[in-house]
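S.K.: A single structure is presented below for examination.
The values are calculated or read from the model by the stated rules, or taken from the named source; none is laboratory data. Everything numeric in this text was worked out from a predicted model, so none of it was measured. FYI the Cβ positions are ideal-geometry reconstructions off the backbone, even for glycines, and counts take in every protein chain you see.
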Amino acid sequence: MTSLQGRSKWGVMQAAAAALMLGCAGALQGRKLAKKEGRAGNNHGNRYIAQVAGIAWYLGDKAAIRDLAGLMESKLNAQLKPDGTQPAELARTRSFHYSYFNLRAICMMAVLAQKNGIDLWRYKTPQGGGVLTSLDFMAHFTNDRTPWPYQTLDQIRVRPVPLLSWADNATGEKRYERQIRRAAFTLPPAMPAIKETVGGHHDDAARGAVLEAGRETWLLTLPSFAIGYIAPLSAPQPAAREN
């Protein structure tokens, strides 16, 4: 009897969660400000797509994910250059962070798309850019000895490492194993008080970013070479989509 009651409560909770997600999806797709964010040609638009796609995946709406993958492709065509750079993000004062941050949204969408038989990881833009090409570019700068050639207020070099692990796991390659193994998630020295730096960023923010990168690498996106990694039982093998 207790088991049946538990199942009943779980069903009620699932229904409530689905209703909440439907409400969120309606707001994101119906409100003027949200739709404006969705049209943005930078990380704002990509975060919007990933968020709506995440809700669609929870609700089992495969058609919505397919449409959102197509929308993401159109954004990648304008955002990712053949050399791996992202000009809209390089124009920011925190160019290193936003180059990573935009790719994080793209990778989140690639994960969801792959679950639905669409390969955004290997997608190529008409100009020759792509997700892996842009990850190649960022991977180069996870090494502290390689200077970032653009103006930026901060550089948390390990920040892109979880994305590299995500990509290798998704593609079945070892493209970034060297960079992942080399990554040192060393925390900056703790300060007795928050020390403000240029742009309002401080040492505590840097420590938090390094901690988060480490957690995402070894918990969320566990590299395939790590002890305890279990490959998906039925890893999808979608065909790469090209424009």
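S.K.: Within the stretch 194-243, count every residue that is at pLDDT below 55 and of a type in the set (S, T, Y).
M.R.: Residues in the stretch 194-243 being at pLDDT below 55 and of a type in the set (S, T, Y): 2 in total.
S.K.: Then there is this: Quick check on R122: is it closer than 19 Å to T85 by Cα, basic (K, R), in contact with a Leu (Cβ under 8 Å, 6 or more places away or on another chain) and in contact (Cβ under 8 Å) with a residue 12 or more places away in the chain? Don't jump to the end; show me each part of the working.
M.R.: Working: closer than 19 Å to T85 by Cα: yes; basic (K, R): yes; in contact with a Leu (Cβ under 8 Å, 6 or more places away or on another chain): yes; in contact (Cβ under 8 Å) with a residue 12 or more places away in the chain: yes.
In short, yes.
S.K.: Which numbered condition in (1) surrounded by fewer than 12 Cβ atoms within 10 Å (Cβ to Cβ); (2) in contact with a strand residue (DSSP E or B) (Cβ under 8 Å, 6 or more places away or on another chain); (3) among the charged types (D, E, K, R) is the only one that E73 fails?
M.R.: (1)
S.K.: Using beta carbons and a limit of 8 Å, which pairs, at least six apart or on different chains, have the first residue in the stretch 29-51 and in contact (Cβ under 8 Å) with a residue 60 or more places away in the chain and over 10 Å from I106 (Cα atoms) and the second one surrounded by 12 or more Cβ atoms within 10 Å (Cβ to Cβ) and charged (D, E, K, R)?
M.R.: N42/E89
S.K.: Can you tell me which residues in the stretch 89-131 are of a type in the set (A, V, I, L, M) and within 23 Å of D67 (Cβ to Cβ)? Working first, answer last.
M.R.: Within the stretch 89-131, the subset of a type in the set (A, V, I, L, M) is 90-91, 103, 105-106, 108-113, 118, 120, 131.
Within the stretch 89-131, L103, A105, I106, M108, M109, A110, V111, L112, A113, I118, L120, V131 meet the criteria.
S.K.: Residues that are closer than 14 Å to N42 by Cβ and modelled with pLDDT of 95 or more: find the helices (runs of 4 or more DSSP H) completely inside the stretch 75-147 holding 2 or more of those.
M.R.: Values: elements: 87-90, 95-114, 131-140.
Of the helices (runs of 4 or more DSSP H) lying wholly inside the stretch 75-147, those with at least 2 residues that are closer than 14 Å to N42 by Cβ and modelled with pLDDT of 95 or more span 87-90, 95-114.
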